[in-house]
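The values are calculated or read from the model by the stated rules, or taken from the named source; none is laboratory data. The structure presented is a predicted model; accordingly, all values stated were derived computationally and were not measured. Cβ placement follows ideal geometry from the backbone for every residue including glycine, while neighbour counts extend to all protein chains displayed. Surface areas here come from the heavy atoms of the whole protein model, side chains and all, with no ligands, DNA or RNA. Shrake-Rupley method; radii C 1.70, N 1.55, O 1.52, S 1.80 Å.
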Amino acid sequence: MKEDRQQKTPFFTKLKEYGVSNTVPFDVPGHKLGRIENDLLDYTGIETFLLDSNAPVGLDHLSKPTGVIKESERLMAEACLADKAYFLTNGTTIGIIAMIMSTCRAKEKIILPRNVHKSVINGLIMSGAMPIFINPNIDTDLGIANGVSFESVQEAIKKHPDAKAIFLINPTYFGVTSDIERITKLAHDNNMLVLVDEAHGAQFYFNERMPFTAMEASADISASSFHKTAASFTQSSVILTKGRRIDHVRLRSTINMLQSTSPSSLLLASLDVARKTMYFEGAKRIDHLLQMASKARESLKTIPGIKVIDKDYIVSKGSFDFDETKIVIKVSDLGLSGFEVYKMMRKKYNIQLELAESHIILCVLTIGTTKDDLDALIYAFKELSKKYYKIRNKLPKIKFEYSFPETYTRPRDAYHAPSISVPLQEAYDEISAEMIMIYPPGIPMVIPGEIITQEVIDDILFYVKKGSVLHSDLDNGYVKIIDKEHWTKWDGDDDEL
Ligand SMILES: Cc1ncc(COP(=O)(O)O)c(C=O)c1O
């Protein structure tokens, strides 16, 4: 049964009222509710500006909500079966950092898969927590890292019974989930907290055919990018919590440490309305989307030279579940890399894909996706197949196996250590003082404190050659490593945090 109160959008409603209240604005923002001339105003009209205000009387404070924001957050919590929700205007990026900083103190252990987003590594640097990495399942055919097995978490807990928390990804960028319910129970039985990255899982909360959510699994806390798959504005996310293990005072103060003191009212309003739409329409519209996605998958499967990933495939590879609103396609048998297809789709067919890897591409589907969009995708792949299948040679199997480098010291330790820059080729066997990744997906190939292997060097060179966007502190082929001559490794006894 749907709750009638979910029809309300407390923050958005108040914001609209404020916009047309003819208030004399001696506060910021400086555009003064659109009383200026500029190109953006000409383009969008004044309404956008009327909705952009900075905590005037009656619109509550995001850092300590007591009014309409609090009401809107309560509705969000109810809609997601959580006990409490915190709105975020700096994305799940800060949600993840806040989850880690507020639960793990310096040197406390956190068990986590190595294929985490860079924000998790930043959370480790900022909290000083000690990562205990577990290897995710690797699909060497597709060249992606998936979920973690229950057994690998069990083994890590056995080896590190003093760990403070387990961190899970629900789902990965490519839609793969782990057995979050069983792992959460195991963690709680061992007195550990469960933190969940649900950046790509906001839609799970609104349709029963979707994989399990963190809150259903009784995980303690999750951060979810509503903007990615639940149709709010970019950068608007939520933290959800369940149960009594989270220290809310510490969580609140940590969020406030990281979040802007001038949160965007447009983003907050977009969370309010997205929640309402998903609550009332999500189940039906995601059902429809799943139907369209399934038909599109069937059509795509008939196209020679491409392989379409589905739940059966993912499960057969040892992973737990799959979010079928993601369309993952292996394209390398066309003789094209994912990167090439990504560019061709945009240039030749006006299709913007979410992501490419060397052998695959990823499409993200949401309730905004239409049948025409999917038809355009099918058409484009038919054309690519006609043009390239059996004309070009299939790409060779993926050359690297995604083995992650070994941790030598805590990320925070490495971040604060004296460092020097050396050409990448000379960094073999050195300890990285920086994080290097391709964006997207933003999963670091090496993080501060890890030993740089030849494989890492080869991977970086491979991606650079493919023209991927490399994120690193340094450019021009240099990498930052720990200056071992002037550094002493923390041995666990000193007071350095
Ligand atoms: C797995 C994962 N976690 C976290 C994030 C960060 O989310 P946001 O973009 O909302 O800051 C991303 C972003 O792409 C992601 O892919």
Carbon/sulfur fraction of accessible area - the stretch 283-388, other protein chains in place, 1.4 Å, % = 50
G67 long-range amide H proximity, modeled H, under 5 Å = H61
Relative packing of peptides 120-126, 279-285, 165-171, 343-349 - highest average C-beta neighbours within 10 Å first = 165-171, 120-126, 279-285, 343-349
note = Counting only residues 5 or more apart in sequence or on a different chain, those whose built amide H sits under 5 Å from that of I438 are I443, M445, H471
task = Considering only DSSP beta bridges where both residues belong to the chain, give the percentage that are antiparallel (nearest 5).
result = 70
message = Keeping every protein chain present and rolling a 1.4 Å probe, give me the accessible area per residue for the chain in Å².
response = 45
inquiry  = Residue by residue through the stretch 383-390, what is 3J(HN,Hα) from phi via Karplus (6.51 cos²θ - 1.76 cosθ + 1.60, θ = phi - 60°)? Round to whole Hz and write x for glycine and proline.
reply    = 5, 4, 4, 4, 7, 10, 5, 6
Under Karplus coefficients 6.51, -1.76 and 1.60, residue-wise ³J(HN,Hα) of the stretch 280-297 in Hz, glycine/proline x = 8, 10, x, 4, 5, 6, 6, 4, 4, 4, 5, 5, 4, 5, 5, 5, 4, 4
inquiry  = I need the peptides 453-461, 215-223, 138-146 ranked by packing, meaning the mean over residues of other C-beta atoms within 10 angstrom, with the highest value on top.
reply    = 215-223, 138-146, 453-461
ask   = Counting Lys and Arg as +1 and Asp and Glu as -1, each charge on the Cβ, what is the dipole of the stretch 283-388 about the Cα centre in debye, to the nearest 20?
value = 320
request  = Pull out the extension gain between K284 and K84, defined as 0.36 nm times the separation in residues minus the alpha carbon to alpha carbon distance; nm, one decimal.
outcome  = 69.5 nm
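Suppose R0 equals 56 Å; then what is the FRET efficiency for K390 and H160 from their Cβ-Cβ distance, rounded to the nearest 0.05? Intermediate results must be reported in sequence, preceding the final value.
On the way: r = 51 Å, r/R0 = 0.91.
That pair, K390 with H160, gives E of 0.65.
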Sequence-distant aspartates and glutamates (8 or more away, or on other chains) whose Cα lies within less than 14 Å of K84 = E71, E73, E216, D220, D247
query = Under the rule of -39500 (n - 2.57) per DSSP H run of 4 or more residues, summed and divided by the residues of the chain, what mean residue ellipticity at 222 nm is obtained, to the nearest 500 deg cm²/dmol?
reply = -11000 deg cm²/dmol
ask   = Which entries in K295/K390; K330/K390; K301/K343 show an alpha-carbon gap greater than 20 Å?
value = K295/K390; K301/K343
remark   = Taking r as the C-beta separation of H471 and M1 and R0 as 51 Å, the FRET efficiency to the nearest 0.05 is 0.65
inquiry  = Which order do you get for L50, L75 if you rank them by accessible area with a 1.4 Å probe, largest at the top?
reply    = L50, L75
ask   = Share of the stretch 96-197's accessible area from carbon and sulfur, percent, 1.4 Å?
value = 47
request  = Within the set of other residues whose C-beta is less than 11 Å from the C-beta of N146, count the net charge using Lys and Arg as +1 and Asp and Glu as -1.
outcome  = -1
remark   = Note, the stretch 200-214: 3J(HN,Hα) by Karplus (6.51, -1.76, 1.60, θ = phi - 60°), whole Hz, Gly/Pro = x, goes 9, x, 4, 5, 4, 6, 10, 7, 5, 7, 7, x, 4, 9, 4
task = May I ask for the net charge around S262, where only other residues with Cβ less than 13 Å from the Cβ of S262 are counted and Lys, Arg are +1 while Asp, Glu are -1?
result = -2
ask   = Roughly how many nanometres apart are two label points built 7 Å out from the Cα toward the Cβ at S218 and K343?
value = 5.2
query = Taking the Cα-to-Cβ direction at H486 and at D372 and moving 7 Å from each Cα, how far apart do the two end points lie in nm?
reply = 6.1
message = What does the net charge come to around Y342 if you take all other residues with beta carbon closer than 13 Å to its beta carbon, with K and R at +1 and D and E at -1?
response = +2
task = Starting with the highest mean, order 6-12, 384-390 by the number of other Cβ atoms within 10 Å, averaged over the residues of each peptide.
result = 6-12, 384-390
